[in-house]
Amino acid sequence: MKRLTFVAAGLSLALALIPTLSRAEEGPEPLSFREDVGNLPSVQRGARDFMAYCSGCHAMKYLRYNRMGTDLGIPDDLLKANLMLGTDKVGDPIPSSMPAKQAESWFGRVPPDLTLETKARGSAWVFSYLQSFYLDDKRPLGVNNPYLPGVSMPAVLGELQGWQKLAAPEKGEAEGAPKFELVQAGSMTPEEYKAFVTDLTNFMAYASEPGKSERIALGGKVMLYLLVLLVLTYFLKKEFWRDIH
Ligand code: HEC
C-alpha cells in the first residue's frame, strides 16, 4: 500500500512538471497578462481588429461566424457588413484571404491558423509577442521578435505601435521580459496600443474556447446547487437518525 502511494505521488509530481518543462524552452519570460473572456466589449473590439488586421493572413478555421455572432451578441446583418471579409455564409469558419502557396513564397512560412493559438502558447505569450517586434536590419523584413527569433511575420501593427529597437539589458539586471526603446512614435500612445493588444488577445482566448465564460458562469450555479443540496441532505440525515440515538 505504501509503495502504491509512493508511485502515485511520483507520477503526479512528474505530470505536474510537464507543463513547466515544455514552457521553459519558449524563449524570454512573457509579460504578465490576465485574460478576460468575460469582458464582452473587449472581446468584440478584438474580433473587429482581428478581422481588419490579421485575417488577411491568418485563418480561424475552428470558429464559425454565426457562433461568434451569437456569443458576442452581433446580429447577422452587422456580422456580414463589418466582419465577414472572406465569405458571405454565416455558417462558414473564418478563412484567411491568403492562398497558402503565395504565403509560402512571400513569407517562407504559411501563417498558422490562430484558433487555438492562446492554448498552444499561452495568452501571456501572445500578448507579449504582439508588443515585441523590433527593428533589425539583418532580417529580410527589417524586424525581429525575441519571442519568435527570426520571425517571418511582418510587423503589421508597426504603424499603430510605432517602431522600437531592442534596449541592451543593464548590467546586473535580472533577466525577464526584454526591454525596448521607441525610436518613432506610432498613431497610438503606448497605453492605447497595450489596450488594443489586450483586446486582440482576449478575442483570441475567446476563440480558443468559445464556451469558456458560459462554463465559468455554469460552474458557479452548480456549486450553489451542491451547497443547497448539502444543507438539505444534512437535515435529512439528522431526521433519519433521530430515533436511533
Ligand atoms: C502579412 C501576413 C500576416 C499578417 C497580416 C499577420 N500575420 Fe501573424 N504571422 C504571419 C506569418 C508568416 C507567421 C509565421 C511566423 C514565423 O513562424 O516565423 C505569423 C505568426 C504569428 C503568430 C505566432 C504563431 C506561432 O505560434 O508560431 C501569432 C501569434 C500571430 N502571427 C498573430 C497575428 C495577429 C494577432 C495578427 C493581426 C494583428 C497577425 N498575426 C497578422 C503572417 C501574418
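Results, tabulated for the structure shown:
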quantity	calculated
Residue in the stretch 58-78 that is least open to solvent (accessible area, probe 1.4 Å), counting only those that are of a type in the set (A, V, I, L, M, F, W, C) and over 20 Å from Leu114 (Cα atoms)	Ile74
Residue identified as in the same structural domain as Cys57 (by TED's automatic domain parsing), within 16 Å of the ligand (Cβ to nearest atom) and open to solvent by 90 Å² or more (accessible area, probe 1.4 Å) among Pro140, Pro169, Pro154	Pro140
Count - residues of the stretch 172-187 that are part of a loop (DSSP other than H, G, I, E, B) and open to solvent by 50 Å² or more (accessible area, probe 1.4 Å)	6
Output for the stretch 75-133, where each listed residue is assigned to a loop (DSSP other than H, G, I, E, B), more than 13 Å from the ligand (Cβ to nearest atom) and modelled with pLDDT of 85 or more	Pro75, Met84, Lys89, Val90, Gly91, Asp92, Pro95
Subset of the stretch 197-245 (residues that are hydroxyl-bearing (Ser, Thr, Tyr), open to solvent by less than 100 Å² (accessible area, probe 1.4 Å) and at pLDDT 95 or above)	Thr198, Thr201, Tyr206, Ser208, Thr233
Condition check for Lys194: in a loop (DSSP other than H, G, I, E, B), open to solvent by 30 Å² or more (accessible area, probe 1.4 Å) and in the same structural domain as Cys57 (by TED's automatic domain parsing)	no
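The values are calculated or read from the model by the stated rules, or taken from the named source; none is laboratory data. Keep in mind that this is a model prediction, so the values were computed, not measured. Backbone-built Cβ (ideal geometry, glycine too); neighbour counts: all protein chains shown. Protein only, heavy atoms only, side chains kept; ligands, DNA and RNA dropped before computing areas. Shrake-Rupley method; radii C 1.70, N 1.55, O 1.52, S 1.80 Å.
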